[in-house]
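This report concerns only the one structure given below.
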Amino acid sequence: MSIRQDQANLILTINGIQSAKTLKEMEASARDLRRLLSRIPVDSKEFQDASKRLQELDTRIKQTKAGMSAMRQESGLLSAGIAKAAGIIATITIGVRGFFATLSGSAKLEQLNIAFETFLGSADKAKKVVADLRKFADLTPFETEPVNQAGRALLAFGFSAEELIPTLTRVGDVAAGTGKDFNELALIYGKARAEGRIQNDTLNQLAEAGIPIYEELAKVLKVNESQIRKLAEQGKIGFAQLQTVFVNLTSEGGRFAGLMERQSQSLDGLFSTLVSAIQGKLTSAMNGLLPVIKSVTKVFIDFLSTPVSETLEKERQSFNGVALSILNAKEGTEERTKAIKTLQEQYPAFLGNINAEKATNEQLKPILEQINQSYVIRIALQKQQEKIQPLLEAQAEQENRLAEGRVASNRLLARGAELAGVNLQQFKT
């Protein structure tokens, strides 16, 4: 490597020192600088500049090490406090998550009621269906959420409210016996009802789920199993035959009869029943709070979406309403005194020295006008800020892009100079 290339590398190394922030980076830069100094003439300007930078870098390294040592000592003293704080935060986090999980359950239940009311055309029918589904979940190995989803799907596919629980019972027994996902099987069954005819793809899905569909349909139709696929292609198998198959499989003596009830007595089933019962109790308790929570949420949303200038204007109007009631009230009355004291608490800089019981309208008018004018000025300034804020944000984003472009250009320029053996230092003014 030539001396000119060494000098170019030296400039790049010195520039890199300026961005070195960690101890590891600074020590690496110091090593690189010492290695390059050994290749540069001692009497050159580059050598003198680099030597000065190396001394500064060594000082920074020493200071950093000293600071890190002090921080380690302090961290030992703080560790116990941090651990305690972490425990408190963890406890609060668990509580908050539990609250919002329960709130989410109540919100989903509200949505479910709305959906069922739409399907059934009656709020009373919707409430009864929701209650029936909750009871079904409590008595079976399935939790509340998948039961609600299955119920909603079956209603959407045209089942009546009266058919819902008997249908879910049959689907649930088959799902329990085959291991097929309860919701997936409910969807397959519901789609078959909506289509009216059983196609071969539906038969394949049921057979893959472990349901002896060909054998059972052959019994219902009184044909050989080999004829079932051809009959399906010809559209000669209707939903009524599939429904009969499910009834046969889940009725007394059927292959899957009573399997949900039996599984619900297993450990997993009992745990699922417990979870559903707890969820039901918590959701019921939270339902009473929903109107308050919704009201507070709406107020909070309005607050976040309202420009500050509008909020200030509402405050000004509210203040003027109170001020007018004070000026119209008889001096010295309890109502007037109370209103003045309220304003004193809100605007102590203006009204702090006023005697609320003895203040006259002549004393109060100029002060109240000053408060009103302060609102007018603040509102005007805030409106101006709201107008220019998007422009400032756009300008800041543009400046960031330009800065990133300059950094990229400088890197390319330095790399080009290194490859060309050019000393960039000589071009500095």
Could you grab me the full set of residues in segment 374-410 that are more than 23 Å from SER309 (Cα to Cα), basic (Lys, Arg) and within 34 Å of the chain's Cα centre (by Cα)? ARG401
Could you list, in sequence order, all residues of segment 157-174 that are open to solvent by less than 50 Å² (accessible area, probe 1.4 Å) and assigned to a loop (DSSP other than H, G, I, E, B)? GLY158, PHE159, SER160
Within segment 175-208, the count of residues that are over 23 Å from ASN148 (Cα atoms), open to solvent by 70 Å² or more (accessible area, probe 1.4 Å) and either among the charged types (D, E, K, R) or touching an Asp or Glu at 6+ places or on another chain (Cβ under 7 Å) (or both) comes to 3
Report, by residue number, each residue of segment 345-395 that is open to solvent by less than 70 Å² (accessible area, probe 1.4 Å) and not in a helix (DSSP H, G or I). TYR347, GLY352, ILE354, ALA356, ALA359, THR360
LEU154 - would you say it is within 34 Å of the chain's Cα centre (by Cα) and open to solvent by less than 10 Å² (accessible area, probe 1.4 Å)? yes
Pairs needed: first member in segment 186-214, more than 17 Å from ASP173 (Cα to Cα); second member anywhere, open to solvent by 40 Å² or more (accessible area, probe 1.4 Å) and in a helix (DSSP H, G or I); C-beta distance under 6 Å; at least 6 residues apart or different chains. ASN200/ARG229; TYR214/GLU225
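The values are calculated or read from the model by the stated rules, or taken from the named source; none is laboratory data. For clarity, every value in this text was computed on a predicted model and none was experimentally measured. Heads up, the Cβs are rebuilt from the backbone with ideal geometry, glycines too, and the neighbour counts pull from every protein chain shown. The protein model used for the area step is the full one, side chains on, heavy atoms only, and it has no ligands, DNA or RNA in it. Shrake-Rupley method; radii C 1.70, N 1.55, O 1.52, S 1.80 Å.
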